[in-house]
1. In what order, largest first, do Thr123, Thr196, Thr176 sit by accessible area if the probe radius is 1.4 Å?
2. In nm, what is the difference between 0.36 nm times the number of residues separating Asn125 and His171 and their Cα-Cα distance?
3. How much of Tyr33 can a 1.4 Å solvent probe reach, expressed as accessible area in Å² and rounded to 10?
4. Please list, in order, the residues from region 168-196 whose amide nitrogen is less than 17 Å from a point placed 7 Å along the Cα→Cβ vector of Thr132.
5. Name the residue, out of Tyr127, Tyr97, Tyr144, whose mean-square fluctuation peaks in a Gaussian network model built on the chain with Cα pairs under 10 Å.
6. Can you give the charge dipole size of the chain about its Cα centre, rounded to the nearest 20 debye, using +1 on the beta carbon of Lys and Arg and -1 on the beta carbon of Asp and Glu?
7. Any idea how far apart Ala31 and Asp160 come out in nm if each label point goes 7 Å out from Cα toward Cβ?
8. Given labels modelled 7 Å from the Cα in the Cβ direction, how far is it in nm from Asp99 to Ile139?
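The values are calculated or read from the model by the stated rules, or taken from the named source; none is laboratory data. Computed from a predicted structure; not experimentally measured. Here Cβ is always computed from backbone atoms with ideal geometry, including for glycine, and neighbour counts include all displayed protein chains. Remember, those area values only see protein heavy atoms, side chains included, never the ligands or the DNA or RNA. Shrake-Rupley method; radii C 1.70, N 1.55, O 1.52, S 1.80 Å.
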Amino acid sequence: MDIKGVTIHNRYKEDETMINKNEWQWTRKPAAYTIENDKIEIITNPHTDLWQRTYYHFRNDNAPVLQITSKEMFFSFVVKTTFESKVRFDQCGVVMYLDSENWLKASIEYENEEFQHLGSVATNNGYSDWATTEIDASIKSMWYRLSRREDDFCIECSIDGKKWKQMRVVHMYKATGEIRFGIYACSPEESSFKATFTDISLGECKWLAHDGQQPDIE
């Protein structure tokens, strides 16, 4: 795989690598963070978010984003998130941030003491969507797997890192060659919380090719 600086670690499977901490690059740094090979912590800043145009009539592009770069066209990136979110819209998860108007993210977004939103946002050419489902507010950890097949992407989630559920399949128009992907955390309202990222790995694409269907005959 075309990833510079990755190192093999004995706890990973043969088709997985652990990312060298020196390969991470920031797009906007948070006020406080730590980066190690096996764990990353981010303390969010208040009034930070990623959203473009659609429905809410505002744009926000100031969330801390930490990513690696790759030209590899087929891969799966896995990360476990653990979070202490407590204020509405607090969120952390997986991201592919190409530029301010083209990006993809998935996370749990805190709502209240009863429920949260597990969802994903795809932003193409400056317009965001949001696909969600409600989950219990007691959930404080989630795994994500971001898989690439050329310029198409699949996001999956898992409670235990073993059984995966599909969240979204999406085409990203600007993801035609080298891309950046990784993690993010933010607090859109007056809040700050700690997000912890562990079990980070990069490996062969787990999103299998699909034979598809024959076109309809008119």
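1. Thr176, Thr196, Thr123
2. Details: separation 46, 0.36 × 46 = 16.56 nm, distance 1.19 nm.
Fully extending the segment from Asn125 to His171 adds 15.4 nm.
3. About 90 Å², rounded to the nearest 10.
4. So the set is 168, 185-191.
5. Answer for the Gaussian network model of the chain: Tyr127.
6. Numbers: 26 positive and 35 negative charges, 114 e Å.
So the dipole magnitude of the chain works out to roughly 540 debye.
7. Result: 3.9 nm between the two label points.
8. Result for the modelled spin labels: 3.5 nm.
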